[in-house]
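Please treat every number below as a calculation from the coordinates, not as lab data. Keep in mind it's a predicted model, so treat the numbers as computed, not measured. Every residue, glycine as well, gets a Cβ built from its backbone with ideal geometry; the counts of neighbours run over all protein chains shown.
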Amino acid sequence: MTPRETLEHWQKNGRKVVHEADAKDLIQQIGIPVPDRDPAKGRCVAKLCHDDYPHKSDHGLVRLGLSPEAAKVATDEMAQRYPGGTALIETMEENSVAEWIVGCKRDDTFGPIVLAGPGGILVELIDAAEIRLAPADPQTTEAMVKSGPGARLLSGLRGADPADSGALADLISRISVFFAENADLISEIEINPVMVRADGKGLVAADALIVLAPVAEEQGSLA
Amino acid sequence: MANSNANQPGDGRPSRAEALDVLFNPRSIAVVGASRTKGKLGQAVLALLKKNGYGGKIIPVNPSGGEIEGLQAVRSLDEIEGAVDVVVLATPVGIALDALEACKALDVKMVVGVTSGFSEAGDDGHENEARLRRIMHDAPFYLIGPNCEGVVKPSADLQLTFSPMFDGLRPGPVAMISQSGALAGLMALRLGERGVGINAIVSSGNETDLTAADLLDYLGNDPETRVVLCYVEELREGRRFVEAARRLTDAGKHVVAVKGGRSRAGSRAVQSHTGAMAGDDRVISAIFRETGVIRARESVAAVDAVTALAAGRKPAGKRVGIISVTGGLGVEMTDLAESAGFEVPVLAETTQTALSQYVPFYGSVTNPVDLTGVVLANPTYVGRCLEAVAADPGVDIAIAIVTFVPDQLFIEALAEAYEKTDKPVLIIWTGSARSDASDEAFRERAVPVYDSPARAASGLAALMAMQGEVA
């Protein structure tokens, strides 16, 4: 199935919020890197993904720094508490120098827009996100990662390595194009956080969320 | 005019651009509700049309017929023989809707609905709104409004409005689109007082048919337009609006917009951080900035910005040279300029030497230049000092500050200095001694004049946006 067919299929099945594991499968198809799944060794992240519980940490559905074996035990325990979820065990990303939020939504006035700014806990702390019309071409997103207070974080504060802002700009553009092409099916899409590594070393999407558009809204708004 | 104004498929109307061309240069206008009774909308519309010298045919429409304002009235629209370019509806809402319906049988290009009582009237206007939409559904013409103050085009001596706020405007580079008629009047009057020329003004009202996006596209394409000033409360076609704005700004023109009110849809539940972070006001600021729209926080600041942009002088950089007849105002202007991201650099030595001829030892020839009150003894000195600062290669924008000089000669000296440079110059005149007669020297040259450093700073900020650095 193409990504669009997948979205249509989900919408037809009555899904509203698409959980992390499925959202990551989809964004991987449009060229966005995600962590390795079910690694044989190394430190892992264990999660249980469930459409009804998108804020996993609030329900104890995320555990960090486990061995592959301990991760399996952890997801089994989570699945007992929240039946119907999908277990997700991934390599834990430990080489990032910046965490970013990248999201798209339909604005009531301007239609599809894309937002990018400092992610993780900084989302709550500072009001530094940059916003543009979606789709945003690579030239626009390159300017975006060089604008506002977030640009200083990416360039490396107090001797820190500068982040791979080129890879980040590429991700922002890709997600904005995908969203704008499918804004009849998606009302919000968000990657938070994007773990951005040092310059030249790329990035991975550590979490992702898709909110599907209600079917009625789709028919009313797209002419 | 522009092919981007093409219609929806299946629309039997002429193109929007063709209809708007007719609106701004009509051969004939019918005023429905024309009246002899002072205080009625139709009386005011007819009187203002005549008073401002409109040269086309005016047809008053009044059920009792006879002569109104010296013109032969018809009893109803269907008595009109031949085409009528524009019909103005200036009656109570029921009669206006009947007249709108009657327009369908005539050869009409554009209707201007001054009448109120539609969606803006809440539940009471609901039925009227529904009937309005039914009539417009297959109408062969376009509608401005309803619930608007009308249309003004100074170069065509055209005042289709009941408001006296648009009297005596001179033709020029500024187009205005306002969803509020009162704010259009406020801004027009103040621009007129400063001599800023107006290309066209449209009070767009409820925008049942033609929207701010349609009008921005049309007026922006007009070669006479340099700046478009917009007051909007609800951008119904926001994407088209900013796309039109981007075309204008790419072409070197400017859009200054005031966005009033908060969107009612803003409270919709969101699931993601993105939804919560991208609140309505932040999105508007960001997308306006992206598309080159200069956002002013309120209407007077917008007028201040437009005043600077209308002069059409583009600064090469952000270095400001300030001369002042008083130290305090020079300091305040310097503070405001620097906090807005401008530099107030030390002037070149040759400039300082030139200034020393006029400035006493207790003044200052650095920057801001304190001319002291001594220069007031000789009108030509102020002009020479402004010329010297504007000619400094290290200055991109010159500001001259004057307080209470009552002398016409000072104004002429400054106006002449303004003409001797092609750099942007802003004048700050804090006193009330300027008479209409003496001000004319500024107005006829469209010199940007402000009454305080803070308001000049709004003009400065707009000039910065002209460089594409800040919006």
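For region B:320-466, the square roots a ≥ b ≥ c of the C-alpha gyration tensor eigenvalues yield an a/c under 1.5, which makes the shape rounded. What is the angle, in °, between the Cα long axis of helix B:126-137 and the longest principal axis of the Cα atoms in chain B? Nearest 10 is fine, range 0 to 90. Once rounded, one gets 90 degrees.
Each DSSP beta bridge with both residues in region B:140-231 is either parallel or antiparallel, and the antiparallel ones are about 35%.
Just A:ILE32, A:ILE172, A:ILE189 to compare: in a GNM of chain A, with alpha carbon springs under 10 Å, which one fluctuates most? The residue with the greatest mean-square fluctuation here is A:ILE32. Between B:ARG134 and A:ASP58, what is the FRET efficiency for a Förster distance of 56 Å, r being their Cβ-Cβ separation, to the nearest 0.05? Efficiency at R0 = 56 Å is approximately 0.65.
Each Lys and Arg adds +1 at its Cβ and each Asp and Glu adds -1 at its Cβ; summed about the Cα centre, chain B shows a dipole of about 340 debye. Ranking B:LEU49, B:GLN159, B:HIS137 by Cα position along the charge dipole of chain B, where only Lys, Arg, Asp and Glu carry charges on their C-beta atoms, puts B:HIS137 farthest toward the positive end. Extending 7 Å from Cα along the Cβ direction at B:SER356 and again at B:SER339 yields two label points whose distance is 3.5 nm.
So how far, in whole Å, is the C-alpha centre of region A:48-77 from the one of region B:46-102? That distance is 75 Å. The length gained on full extension between B:GLU444 and B:GLU419, counted as 0.36 nm times the residue separation minus their Cα-Cα distance, comes to 7.8 nm. Taken residue by residue and averaged, Cβ atoms of other chains lying within 10 Å of the Cβ of A:131-137 number 4. When the helices of chain B are scored as -39500 (n - 2.57) per DSSP H run of n ≥ 4 and the total is divided over every residue, the value at 222 nm lands at -11500 deg cm²/dmol.
Neighbouring Cβ atoms from other chains, within 10 Å of the Cβ of residues in B:227-238, number 1 on average.
Quick one: which of B:226-233, B:130-137, B:298-305 comes out on top by average Cβ neighbours within 10 Å, and what's the full order, highest first?
B:226-233, B:298-305, B:130-137
Neighbour counts of C-beta atoms inside 10 Å place B:SER203, B:SER180, A:SER67 in the sequence A:SER67, B:SER180, B:SER203, starting with the fewest. With a Förster radius of 60 Å applied to the beta-carbon distance between A:ASP36 and B:SER64, the computed FRET efficiency rounds to 0.10. Ranking of A:THR91, B:THR249, B:THR115 by neighbouring Cβ atoms within 10 Å, starting from the fewest: A:THR91, B:THR249, B:THR115.
Neighbouring Cβ atoms from other chains, within 10 Å of the Cβ of residues in A:122-130, number 2 on average. Say R0 is 41 Å: what FRET efficiency, to the nearest 0.05, do A:ARG81 and B:ARG246 get from their beta-carbon distance? In this case the efficiency is close to 0.20.
Ordering A:VAL211, B:ALA354, A:CYS44 by Cα displacement along the dipole of the protein assembly as shown toward the positive end leaves B:ALA354 in first place; charges were set at the Cβ atoms of Lys, Arg (+1) and Asp, Glu (-1). Across region A:44-91, the mean sequence separation of Cα contacts (distance under 8 Å, 6 or more residues apart), normalised by length, yields a relative contact order of 52 percent. So how tilted is helix B:212-221 from the main axis of chain B? Cα-based, degrees 0 to 90, rounded to 10. Approximately 60 degrees, to the nearest ten. Of B:PHE342, B:PHE241, B:PHE118, the sequence from fewest to most neighbouring Cβ atoms within 10 angstrom is B:PHE342, B:PHE118, B:PHE241.
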